[in-house]
Amino acid sequence: MKSIQAIVTGTFFILICNLLLQLLFLFVIVEYHTLSKEIPSLQGMGVYARYLLAIPAFIIIMFIGGMITASILETRWLLHCSIVGVISFIAMITPLLSANDLTLTGATVSVLSFLAVIAGGWYWQRRSIAKRVQK
């Protein structure tokens, strides 16, 4: 039962936070376009917002999702974090692939996001082991 709970909790956290991140990014981009019409020197800088703001936030969300998944389990956290990473990847990439092809940036972010879930689980497990040793 804990296995299902860990997978569902980690996946829902990632998906809900990513939807909120996309909404926030949409607001930022709309404001950017409004400002770029008034300030011409801002034109052309919107592409960098994706790399400097959105992708690191996305990776952090994936990392925290891995931590949440591992916090529910005592053992087999690697398997469960991998499952959460794959489910989250499929849920996020499927709508994109129906309209576009997968780019090098998309593939890189996908691999980094999967590794971030694993790293989050690993971090949580190492942290919990360190706390048990200190007691």
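Which ³J(HN,Hα) values in Hz, rounded to whole numbers, follow from the phi angles of segment 60-70 under the Karplus curve 6.51 cos²θ - 1.76 cosθ + 1.60, where θ = phi - 60° and Gly and Pro get x?
5, 4, 5, 4, 5, x, x, 5, 5, 4, 5
For segment 41-135, just say rounded, prolate or oblate: build the C-alpha gyration tensor, square-root its eigenvalues into a ≥ b ≥ c, call rounded for a/c under 1.5, and beyond that prolate if a/b exceeds b/c, oblate if not.
Because a/c hits 1.5 or more and a/b fails to exceed b/c, segment 41-135 counts as oblate.
Where the only charges are on Cβ atoms (+1 Lys, Arg; -1 Asp, Glu), what is the dipole of the chain about its Cα centre, to the nearest 20 debye?
Using Cβ point charges on Lys, Arg, Asp and Glu, the chain gives about 740 debye.
Averaging sequence separations of C-alpha pairs under 8 Å and six or more residues apart, then dividing by the length of the chain, give the relative contact order as a whole percent.
35 percent
When the helix-only estimate is applied to the chain (DSSP H runs of n ≥ 4, each -39,500 (n - 2.57), divided by the residue count), what is the mean residue ellipticity at 222 nm, nearest 500 deg cm²/dmol?
Value at 222 nm, helices only: -29500 deg cm²/dmol.
Between residue 12 and residue 49, what length comes free when the chain is fully extended (0.36 nm per residue of separation minus the Cα-Cα distance, one decimal in nm)?
On the way: separation 37, 0.36 × 37 = 13.32 nm, distance 2.58 nm.
Net length gain for the segment: 10.7 nm.
Mind checking segment 28-135 for GluC sites (Glu not before Pro) that DSSP puts in a loop (not H, G, I, E or B) and that have at most 13 other Cβ atoms within 10 Å?
Details: sites: 31, 38, 74; in loops: 74.
Passing both the DSSP loop test and the Cβ count: 74.
Ranked from highest to lowest mean number of other Cβ atoms within 10 Å per residue, what is the order of the peptides 90-99, 113-122?
113-122, 90-99
If you roll a 1.4 Å probe over segment 6-130 with all protein chains in place, what percent of the accessible area is carbon or sulfur?
Percent of accessible area from carbon and sulfur atoms in segment 6-130: 76.
Tell me, in nm to one decimal, what length is gained between residue 60 and residue 29 on full extension, where the rule is 0.36 nm per residue of separation less the Cα-Cα distance?
Between residue 60 and residue 29, full extension yields an extra 9.1 nm.
The values are calculated or read from the model by the stated rules, or taken from the named source; none is laboratory data. Because the structure is a prediction, the values reported are computed rather than measured. Because the Cβ atoms are built from the backbone with ideal geometry, glycine has one as well, and the counts that use them run over all protein chains shown. Surface areas here come from the heavy atoms of the whole protein model, side chains and all, with no ligands, DNA or RNA. Shrake-Rupley method; radii C 1.70, N 1.55, O 1.52, S 1.80 Å.
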